[in-house]
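All remarks here apply to the structure that follows.
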Amino acid sequence: MGRASKSRNQKRQRAAAQQQAQELFASVPHSFVFHRGRAGRSLQQLVLDVRRVMEPFTGSALQVRKKNSLKDFVAVAGPLGVTHFLVFTKSPTSVNFKLFRLPGGPTLTFQVMQYSLIRDVVSSLKRHRMHEQQFTHHPLLVLNNFGLPQMHVKLMATMFQNMFPSINVHKVNLNTIKRCLLITYAPDSQRLDFRHYSVKVVPVGASKGLKKLLQEKFPNMSRLQDISELLAKDINLSESEAEQDGSHNILELPQAYAGRGNMKAQQSAVRLTEIGPRMTLQLVKVEEGLGQGSVLYHSLVHKTEEELRAVLARRERRLQLKAARRHKQEADVQRKKEQREAHRTLSLAGMKRKQQQGEDGDSEAEDPGMLQDQDPADQSDDDAEYYRQEVGEEPDEDLFPKRAKRKAGLLHSPQPRKRLRTGEQPGRASRKAKPRRSPGQPRRGRRPPQATGDSQRPGGPRQQQGTREPKPKGPRSPGQQGRARGPRVLASNFRRLGQRRKQAAQQKGTRQGPRAPKKGRH
């Protein structure tokens with residue numbers, strides 16, 4: 001029974017802790033750090049280093065594509081609880097850094113005068129102190145020289161403070177403070193120094209030898225006569241272990257801190273080790289909204305009151321024109337929607353009326369597509385037939401001319417006509433045309449096999465010499481087809497041709513008569 005109640009209490013405590021952690025995670029500000037446009041390797045690495053500074057409440061594995069626009073990031077920022085955008089851009093002359101406050105702005109634009117990456121800072125240190133446990137909690141933000149009365153200075157201080165979760169000094173756990181972000185404003189040059197440090201706390205009041213023993217590091221005691229010399233004197237220690245503690249970094253701990261010797265109400269020294277990145281920024285301008293509003297402050301361009309009023313009036317006209325275009329677009333959409341509904345209503349009414357006429361069996365209704373699909377010749381035949389049934393007499397030829405034309409066309413042979421060559425008379429076949437052999441007839445130049453009698457011949461008795469059986473006419477194969485027939489040759493052309501031949505014969509002194517038709521197919 002006791003074990004069951006204990007497991008239930010543990011489950012309740014875990015659920016309550018998980019719910020509290022989710023509520024805390026949703027209440028703190030979140031950020032996206034990315035770059036826009038073309039960026040070199042150094043700028044891309046700077047973006048990754050700034051993400052390390054903003055951890056754990058930032059998109060560490062954020063993937064950015066070229067086709068993504070600022071609207072895409074704004075669309076996903078709401079559901080994810082993102083409150084700030086840190087955007088880096090690169091121009092041919094400088095590197096810019098923009099700080100956006102979502103969802104309504106303002107936007108601060110900085111120029112990055114100088115920057116150093118984490119690897120550059122760490123490589124310059126003799127001893128660096130950086131591990132993954134330091135990035136499980138957000139850094140402690142320290143602002144220096146931001147108490148000036150200028151509007152843009154106060155705005156910068158507010159923006160930087162809202163980028164990180166707020167800290168209650170009475171309830172904060174000192175063991176969660178592992179990093180420190182220091183931003184210093186220089187009023188003379190109007191530049192900001194961005195520095196990132198690692199925090200270390202060591203006890204004060206013990207000798208260096210004793211501190212080494214507490215850290216489980218044994219110094220060289222070959223020159224010592226007694227162990228008391230190690231505890232009382234600071235000898236045989238390297239110069240790199242020399243401390244530079246003083247009143248500026250020694251304090252009394254309000255609670256115990258991680259590390260040996262850091263007890264409550266004991267004096268300890270706070271040491272900072274820079275881990276990067278490092279940036280030098282200069283404010284350029286402050287804008288309303290997400291980079292599209294009016295300019296509230298500009299460090300390089302100063303405008304008078306009249307110029308500011310003109311800019312505001314121009315912006316107001318632009319907003320009014322945009323609202324008018326939007327109103328007109330909505331009216332056009334509504335009008336087109338009403339037209340579609342009216343057309344749909346009329347179409348449904350026409351379909352219903354047509355369906356009712358089909359059900360009533362109205363035979364007088366004409367199909368509008370019949371007259372277009374019907375052949376004019378067939379239509380004339382139908383009219384003639386209707387005339388015969390109603391009148392009882394044959395219609396005149398002039399009454400239905402299309403019918404007469406069609407009948408005249410049917411009298412001609414359906415076989416294609418042969419095109420005549422120049423100088424050739426109708427009725428005479430071309431010399432190249434060869435007569436077609438029937439399937440049962442032997443080839444030309446060969447005699448049929450001899451037989452004992454005429455009755456035994458396959459074709460019957462032999463015909464008289466000088467006569468020839470006409471060749472049966474059959475369809476031609478595609479390879480034996482002649483030329484495509486052209487237009488008919490008129491009789492006047494034949495008369496002219498005959499006259500020319502007569503004249504040529506008279507000149508030669510001989511009379512040339514008409515040529516006999518060549519044997520074969522005409």
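Quick notes
- Only beta bridges with both residues in segment 4-95 are counted; by DSSP, about 10 percent of them are antiparallel.
- Averaged over its residues, segment 71-158 has an accessible area of 55 Å² per residue, based on protein heavy atoms and a 1.4 Å probe.
- Computed log₁₀ I(q)/I(0) - Debye formula, equal Cα scatterers, no solvent, segment 134-181, q 0.17, 0.21 Å⁻¹: -0.58, -0.79
- On a per residue basis, the convex hull of the C-alpha atoms belonging to segment 1-98 measures out at 123 Å³.
- Considering segment 17-162, its Cα convex hull presents a mean projected area of 11.3 nm².
- Surrounding net charge for ASP49, when Lys and Arg each add one and Asp and Glu each subtract one, Cβ distance under 12 Å: +2
- Which listed pairs, of LYS71/LYS285; LYS90/LYS285; LYS154/LYS285; LYS126/LYS200; LYS90/LYS303, have C-alpha distances above 19 Å, in listed order: LYS71/LYS285; LYS90/LYS303
- Normalised contact order of segment 1-147, rounded percent, pairs of Cα under 8 Å and 6 or more residues apart: 23 percent
- Surface/4 of the Cα convex hull for segment 82-150, nm²: 7.9 nm²
- Three semi-axes of the equivalent ellipsoid, segment 277-352, Cα gyration tensor, whole Å, largest first: 52, 19, 5
The values are calculated or read from the model by the stated rules, or taken from the named source; none is laboratory data. As the structure is a prediction and not an experimental result, all values here were calculated from the model. Glycine also receives a Cβ, built like all others from the backbone with ideal geometry; neighbour counts cover every protein chain displayed. Side chains are part of the model used for accessible areas, which takes the heavy atoms of the whole protein and leaves out ligands, DNA and RNA. Shrake-Rupley method; radii C 1.70, N 1.55, O 1.52, S 1.80 Å.
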